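Peer 1: Quick one: the structure is below, and I'll ask about it shortly.
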Amino acid sequence: MSFKKKAAMGSLHIPVLADEVALQLVRREGAGSIIVDGTVGGGGHTLALARRVGAGGRVIGLDRDPAMLALAESAVKASGSSSLVTLFHVAYREMRRVLDELRIDRVDGILLDLGLSSDQLAWEYRGFSLSTDGPLDMRFDPHEASPTATELVNQLREDELAQLFFDFGEERFSRRIARRIVEYRQHESIRRTGQLADLVRRSVPGRTRQGSIDPATRVFQALRIAVNDEFSQLDAALQAIPEMLVPGGRAAVISFHSLEDRRIKRAFKANQKLIVLTKKPVTAMAQEVAVNPRARSAKLRVVEKCPNLL
Ligand SMILES: C[S@@+](CC[C@H](N)C(=O)[O-])C[C@H]1O[C@@H](n2cnc3c(N)ncnc32)[C@H](O)[C@@H]1O
């Protein structure tokens, strides 16, 4: 299906903690704040921010995935906010370059809503989902030349696969799964999400399965992180954020697993230019989780740049 057709159908994604994020980042409604949404997705948070910045304000939205930007663009148009929102197909670690192009020195707020959108998960041809069968791809930007999950799964050595599943998925059975993958690919290469998910499920003993989640979840998470170099993106952005904020400006980051949350917590705490506003991360209330189960694991951390810094 073309981007245009998909965009006309709208985004499936329900933004997590959207009101909280808009209140935290745009402190004075209608005061003309400039906010960067580094992970626009279907535009849910972008629109919530645009509603609050008001006529003199601006939301600069970035995403690595052109299909998500098409969805966001049609949501922005439909809401009549086109004059407030400017979208860019770029990874969020390039935020500084985008601001330079726009001749903006500093901004009032920055949002990162990590992970992937429900739309990307639902498009089986993108290869993110372990519950539908599709090509094992997992690139956020399908035009990027970076290796796909198929390439990683078929080309990494057994010890490299095991390390990847352990480091990026905290998978207890990482060695066993890596061994099974290497045995399997001696006969047949692994090219489909269904093939990999089944293989992982068969590699993990039933009685020792970790909780009630699908045993393939951690392996899929690890591959997605590696394919998209997600931690380098995140670390670079966390490092660069303080310089891009005005004094008193705020950054909000929403994460969905402990590996991300730990990095965010540490980076924020270590930076002397930042005041941590969320000693404990903000989580979704039961009412939000009831309508959006994805919100259950969301953690929001917010920092403010020290107001007396230049
Ligand atoms: C959880 S979704 C964001 C959802 C969005 N806040 C909304 O309300 O619809 C995460 C988005 O970040 C994008 N993304 C992931 N890594 C990125 C990166 N390094 N730079 C820019 N966008 C990225 C994904 O393509 C996806 O669209």
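No lab work stands behind these numbers, since they all come straight from the coordinates. As the structure is a prediction and not an experimental result, all values here were calculated from the model. Note: ideal-geometry Cβ built from the backbone for every residue, glycine included; neighbour counts use all protein chains shown.
Peer 1: In whole Hz, what ³J(HN,Hα) sequence does segment 173-180 give by Karplus (6.51, -1.76, 1.60; θ = phi - 60°), x for Gly and Pro?
Peer 2: Using θ = phi - 60°, the values come out as 9, 4, 5, 4, 5, 4, 4, 4 Hz.
Peer 1: According to the square roots a ≥ b ≥ c of the eigenvalues of the Cα gyration tensor, what is the shape class of segment 136-190, taking rounded for a/c under 1.5, prolate for a/b larger than b/c otherwise, and oblate for the remainder?
Peer 2: It comes out oblate by the Cα gyration axes.
Peer 1: DSSP beta bridges in the chain, what fraction antiparallel, as a percent rounded to 5?
Peer 2: 40 percent
Peer 1: Cα centroid distance between segment 227-260 and segment 142-195, in Å?
Peer 2: 27 Å
Peer 1: Using a Gaussian network model of the chain with C-alpha springs under 10 Å, which one of Gln221, Gln272, Gln163 is most mobile by mean-square fluctuation?
Peer 2: Of Gln221, Gln272, Gln163, the most mobile in the Gaussian network model is Gln272.
Peer 1: For a quick check: with amide H placed at 1.01 Å from N, whose amide H comes under 5 Å from Val85's, ignoring anything fewer than 5 positions away on the same chain?
Peer 2: Residues meeting the amide H criterion: Val59.
Peer 1: A further question follows. With the cut-off at 24 Å, report for segment 164-310 the share of all Cα pairs above it, as a whole percent.
Peer 2: 48 percent
Peer 1: Starting at the first residue of segment 226-234, write each ³J(HN,Hα) from the Karplus equation 6.51 cos²θ - 1.76 cosθ + 1.60 with θ = phi - 60°, in whole Hz, x for Gly and Pro.
Peer 2: Coupling constants for segment 226-234: 5, 4, 9, 6, 5, 6, 5, 4, 5 Hz.
Peer 1: Rank by packing, highest mean first: peptides 226-236, 48-58, with packing defined as the count of other Cβ atoms within 10 Å averaged across residues.
Peer 2: Peptide ranking by packing, descending: 48-58, 226-236.
Peer 1: In whole Hz and in residue order, list the ³J(HN,Hα) couplings for segment 89-100 that follow from phi through the Karplus curve 6.51 cos²θ - 1.76 cosθ + 1.60, θ = phi - 60°; x for Gly and Pro.
Peer 2: For segment 89-100, the Karplus-derived couplings read 8, 7, 6, 5, 5, 8, 3, 4, 4, 5, 4, 4 Hz, x marking Gly and Pro.
Peer 1: Against the longest principal axis of the chain, how steep is helix 158-169, in degrees 0 to 90 to the nearest 10, with axes from Cα atoms?
Peer 2: In the chain, helix 158-169 runs at an angle near 40 degrees to the longest axis.
Peer 1: Determine the distance separating the Cα centre of segment 32-105 from the Cα centre of segment 112-140; give it in Å without decimals.
Peer 2: Spelled out, the Cα-based centre of one part sits 22 Å from the other.
Peer 1: Still on this structure, please answer the following. Give me the dipole magnitude in Debye, nearest 20, for segment 1-141 about the Cα centre, with unit charges on the beta carbon: positive for Lys and Arg, negative for Asp and Glu. Show your work: numbers first, answer last.
Peer 2: Working: 17 positive and 18 negative charges, 81 e Å.
Here segment 1-141 has a charge dipole of around 380 debye.
Peer 1: Further, regarding this structure: Using only the Cα atoms of the chain, what semi-axes does the equivalent ellipsoid have when each is the square root of 5 times a gyration tensor eigenvalue? Give whole Å, largest first. Let's see the in-between values first.
Peer 2: Working: eigenvalues 245, 91, 62 Å².
For the chain, the semi-axes come out at 35, 21, 18 Å.
Peer 1: Suppose only helical runs count, i.e. DSSP H with n ≥ 4. What mean residue ellipticity at 222 nm does that imply for the chain under -39500 (n - 2.57) per run, divided by all residues and rounded to the nearest 500 deg cm²/dmol? Let's see the in-between values first.
Peer 2: Numbers: 14 runs with 138 residues, N = 310.
That comes out to -13000 deg cm²/dmol.
Peer 1: Quote the charge dipole size of the chain about the Cα centre in Debye, to the nearest 20; the model charges only the Cβ of Lys and Arg (+1) and of Asp and Glu (-1).
Peer 2: 760 debye
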